[in-house]
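Student: Once you've had a glance at the structure underneath, I'll fire off some questions.
The values are calculated or read from the model by the stated rules, or taken from the named source; none is laboratory data. Bear in mind that the values here come from a model prediction, so they are computed numbers and not experimental data. Using ideal geometry, Cβ is built from the backbone for each residue, glycine included, and neighbour counts are taken over all protein chains shown. We work out accessible area using only protein heavy atoms, side chains counted, and drop any ligands, DNA or RNA first. Shrake-Rupley method; radii C 1.70, N 1.55, O 1.52, S 1.80 Å.
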Amino acid sequence: MKTWVFSTEADGGASSSALEALTKARSFGGDLVAIHVGAGSEPALNELGAHGAATVLHLSADVSAAAIAAAMAAACETEQPDLIIFGMGNLDRDVAGRLSARLGKPVLANAVDVTVDGDSVRVANEILGGTTKVVTQFTEGAPAITITRPKAFPAEPNGGDAPTVSTLHVPDVGHAGDVVVLSSHAESAEGPDLEAAAVVVSGGRGLGGAEKFEMIAELAGLVGGAVGATRAVVDAGWVPYSYQVGQTGKTVKPSVYLACGISGAMQHLVGMKDSTTIIAINKDPEAPIFGVADLGIVGDVHNVVPALIEALKAHGS
Amino acid sequence: MKIVVCVKQIPDPASPYKLDPENHFVVRPEDQVLDDTDRYGVEVALQLADEFGDEASVTLLSMSPGGSQQGIRQALAMGADGAILVEDAGLRGADALTTSRVLAAAAKRAAADLVITGTESTDGYTGVVPQQVAELMGVPSLTFARKVEHVDGKVRIERQTQAGYDVVEGSLPAVLSVTSGVVEPRYPTFKGIMAAKSKPVETLTAAELEVTPSSGQSIVSVESVPAREAGEVIEDDGEGHLKILAKLEEVKVV
Ligand SMILES: Cc1cc2nc3c(=O)[nH]c(=O)nc-3n(C[C@H](O)[C@H](O)[C@H](O)COP(=O)(O)OP(=O)(O)OC[C@H]3O[C@@H](n4cnc5c(N)ncnc54)[C@H](O)[C@@H]3O)c2cc1C
């Protein structure tokens with residue numbers, strides 16, 4: 001069994017999806033290789049090694065997705081991986097799609113589990129808002145290409161050594177590689193890391209406006225939590241994409257998730273339904289969010305949230 | 001300037017649909033609607049076409065197992081010039097790669113300068129079709145765009161990233177995928193709806209595009225996942241916040 005895991009460098013480390021996938025792939029046995037795109041700093045490489053990657057094939061950050069896919073496809077010919085695991089990041093998806101088209105192999109996306117039984121690779125998906133589990137087997141031959149959901153597996157180091165690093169040759173892909181990043185801009189979130197926070201307070205369209213996120217941030221501050229949001233309000237420009245929880249955003253599993261003015265669309269639920277305790281405030285008693293909430297308050301966020309803030313302040317003093 | 005917008009007709013998300021227990025295909029209600037997330041691509045195409053002037057055209061491209069054209073007419077009513085519909089019963093249950101082969105072949109045949117897509121469909125959400133189409137066409141991909149501009153014959157976008165956004169530029173021909181925050185899509189006018197009825201819709205089969213449907217995967221099992229149990233739901237009588245406070249105390253957050 002030879003497994004490749006796609007990794008990108010973020011904040012001086014390897015992507016969390018790569019560390020999660022490496023942890024899972026250790027259970028398959030055999031060779032474990034990380035394809036790492038980015039600066040290739042020592043902490044990032046060592047982290048990949050510590051999670052089980054014996055080898056890292058490195059590419060620099062300024063390479064187009066088309067060229068990364070071409071480089072990986074060429075390496076596939078010599079290395080013959082059985083399975084290639086990507087995360088849900090934008091570059092992950094760009095490269096997975098292109099590699100699949102180049103190799104003529106399908107991609108199975110949104111995987112919540114990957115199992116290997118002899119030659120057969122299977123992935124599990126949760127569809128229809130996590131109510132139905134579908135297991136699919138690859139039938140096209142190696143490599144099986146899959147995109148796994150964040151937090152599908154825990155990331156646990158096994159104390160592996162620093163990996164052997166070699167630079168992957170990047171072929172010229174002509175016009176397909178004709179994209180340039182002119183500049184990068186940060187719209188950083190304040191407060192604790194959303195994906196690691198023990199408490200998440202999220203706001204949706206029911207808040208009525210961007211300025212109402214101030215009250216969500218104040219509430220989050222009082223309970224030591226991070227602020228989250230639905231895609232509807234990210235798309236409306238109220239808060240940056242880094243706040244988004246759900247299918248195309250972050251997956252969170254805090255002890256407490258407090259949903260304010262959120263309807264509870266399937267695509268939002270898949271990102272937060274595994275929280276230990278869910279509390280929801282929504283003025284519509286029929287809102288689907290109440291179907292997963294441990295405590296639901298049918299009420300107006302503009303009354304309940306300010307009252308809760310006052311009560312917490314009084315409680316704290 | 002020929003702009004092709006990929007649009008998908010999907011079962012109305014408002015009406016529940018199921019999986020066929022025999023072959024695991026999605027059992028679709030008769031009426032199919034335009035995937036809401038595709039309205040953004042259509043709007044971007046119409047705005048870019050306006051900038052390019054008389055020479056520009058907007059053609060919709062859709063693959064469907066056959067039957068409904070309701071979703072296509074919805075997008076035509078927004079103002080697109082015409083549509084290409086790849087209708088083929090053999091494409092039932094097609095996976096993302098087969099879909100991409102069909103879309104790439106049809107877009108090439110139409111001599112597209114720019115192919116616009118959403119980032120993922122509402123019903124399938126594999127989320128790799130734009131990239132596969134770009135690879136099969138041998139063109140650059142500008143993906144996850146939350147803003148699109150046309151600068152000196154190139155397309156410049158703000159690409160959504162985990163940290164914020166990147167400004168990325170690519171030359172044509174290219175594939176562009178847009179988020180649902182990119183523009184405010186227009187609503188069809190009555191005139192647009194009437195005009196859509198007589199706009200040209202060309203139909204093609206997979207064979208005409210020389211695409212052989214393949215799947216490369218087979219479903220092994222389908223089972224339901226135990227649902228999370230709903231808890232207590234109470235009407236706010238002015239004391240709702242105290243219930244929340246009590247819950248936060250119970251789970252030791254405060
Ligand atoms: C492919 C795809 C991917 C997606 N990915 C994501 C994702 O990652 N994350 C995500 O969140 N969404 C995602 N979505 C969007 C999702 O389908 C919903 O549209 C979105 O989650 C709705 O956001 P919302 O709950 O803020 O808004 P709405 O659905 O509009 O709900 C607003 C709620 O606020 C309530 N409300 C209104 N006023 C008040 C008030 N004064 N007090 C209390 N309650 C009030 C209303 O009753 C309503 O329930 C995706 C969609 C697609 C198609």
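Student: Does the stretch A:229-280 hold any residues that are hydroxyl-bearing (Ser, Thr, Tyr), open to solvent by 20 Å² or more (accessible area, probe 1.4 Å) and either more than 9 Å from the ligand (Cβ to nearest atom) or under 20 Å from A:ALA198 (Cβ atoms) (or both), and which are they?
Tutor: A:TYR241, A:TYR243, A:SER255, A:THR276 - these are the residues of the stretch A:229-280 that are hydroxyl-bearing (Ser, Thr, Tyr), open to solvent by 20 Å² or more (accessible area, probe 1.4 Å) and either more than 9 Å from the ligand (Cβ to nearest atom) or under 20 Å from A:ALA198 (Cβ atoms) (or both).
Student: Now for a different question. Go through the stretch A:190-234 and count every residue that is farther than 22 Å from A:VAL270 by Cβ, assigned by TED's automatic domain parsing to the domain that holds A:ILE289 and charged (D, E, K, R).
Tutor: 4
Student: Determine which member of the set A:ALA69, A:ALA39, A:ALA34, A:ALA25 is hydrophobic (A, V, I, L, M, F, W, C), at negative phi and open to solvent by 20 Å² or more (accessible area, probe 1.4 Å).
Tutor: A:ALA39
Student: For B:VAL220, work out the one condition from (1) assigned to a strand (DSSP E or B); (2) more than 7 Å from chain A (Cβ to nearest Cβ) it doesn't fulfil.
Tutor: Of (1) assigned to a strand (DSSP E or B); (2) more than 7 Å from chain A (Cβ to nearest Cβ), only one is false for B:VAL220: (2).
Student: So, one more: Return the residues of the stretch B:59-96 that are touching a Ser or Thr at 6+ places or on another chain (Cβ under 6 Å) and within 12 Å of chain A (Cβ to nearest Cβ); say none if nothing qualifies.
Tutor: B:ASP95, B:ALA96
Student: Out of the residues in the stretch A:281-292 that are within 12 Å of the ligand (Cβ to nearest atom) and hydrophobic (A, V, I, L, M, F, W, C), state the one that is nearest to the other protein chains (Cβ to nearest Cβ).
Tutor: If we take residues in the stretch A:281-292 being within 12 Å of the ligand (Cβ to nearest atom) and hydrophobic (A, V, I, L, M, F, W, C), then A:PHE290 is nearest to the other protein chains (Cβ to nearest Cβ).
Student: Can I ask one more? Output yes when any residue across the stretch A:162-172 is assigned to a helix (DSSP H, G or I), touching a helix residue (DSSP H, G or I) at 6+ places or on another chain (Cβ under 8 Å) and either open to solvent by 70 Å² or more (accessible area, probe 1.4 Å) or within 14 Å of another protein chain (Cβ to nearest Cβ) (or both), and no when none is.
Tutor: Scanning the stretch A:162-172 turns up no residue that is assigned to a helix (DSSP H, G or I), touching a helix residue (DSSP H, G or I) at 6+ places or on another chain (Cβ under 8 Å) and either open to solvent by 70 Å² or more (accessible area, probe 1.4 Å) or within 14 Å of another protein chain (Cβ to nearest Cβ) (or both).
Student: For the stretch B:177-196: of the residues being β-branched (Val, Ile, Thr), assigned to a loop (DSSP other than H, G, I, E, B) and open to solvent by less than 50 Å² (accessible area, probe 1.4 Å), which is farthest from the other protein chains (Cβ to nearest Cβ)?
Tutor: Once the filter is applied, the top-ranked residue is B:VAL183.
Student: So, one more: As an exercise: evaluate B:GLU158 against (1) facing another protein chain (nearest Cβ under 7 Å); (2) of a type outside the set (Phe, Trp, Tyr); (3) within 26 Å of A:SER15 (Cα to Cα) and give the number of the one condition it does not meet.
Tutor: (1)
Student: If you scan the stretch B:119-151, which residues turn out to be more than 25 Å from B:GLU184 (Cα to Cα), open to solvent by 20 Å² or more (accessible area, probe 1.4 Å) and facing another protein chain (nearest Cβ under 7 Å)?
Tutor: Of everything in the stretch B:119-151, those that are more than 25 Å from B:GLU184 (Cα to Cα), open to solvent by 20 Å² or more (accessible area, probe 1.4 Å) and facing another protein chain (nearest Cβ under 7 Å) turn out to be B:GLU135, B:LEU136, B:GLY138.
Student: Further, regarding this structure: Condition (residue is within 7 Å of chain A (Cβ to nearest Cβ), open to solvent by less than 20 Å² (accessible area, probe 1.4 Å) and out of contact with any helix residue (DSSP H, G or I) (no Cβ under 7 Å at 6 or more places or on another chain)) applied to the stretch B:241-253: is it met by at least one residue?
Tutor: Yes, because at least one residue in the stretch B:241-253 is within 7 Å of chain A (Cβ to nearest Cβ), open to solvent by less than 20 Å² (accessible area, probe 1.4 Å) and out of contact with any helix residue (DSSP H, G or I) (no Cβ under 7 Å at 6 or more places or on another chain).
Student: I would also like to ask the following. Only residues that are part of a strand (DSSP E or B) and crowded, with 19+ Cβ neighbours inside 10 Å: list them for the stretch A:135-149, please.
Tutor: A:THR136, A:PHE138, A:ALA144, A:ILE145, A:THR146, A:ILE147, A:THR148
Student: Among the residues of the stretch A:102-117, is there at least one that is hydroxyl-bearing (Ser, Thr, Tyr) and more than 20 Å from the chain's Cα centre (by Cα)?
Tutor: The answer is no, given that none of the residues of the stretch A:102-117 is hydroxyl-bearing (Ser, Thr, Tyr) and more than 20 Å from the chain's Cα centre (by Cα).
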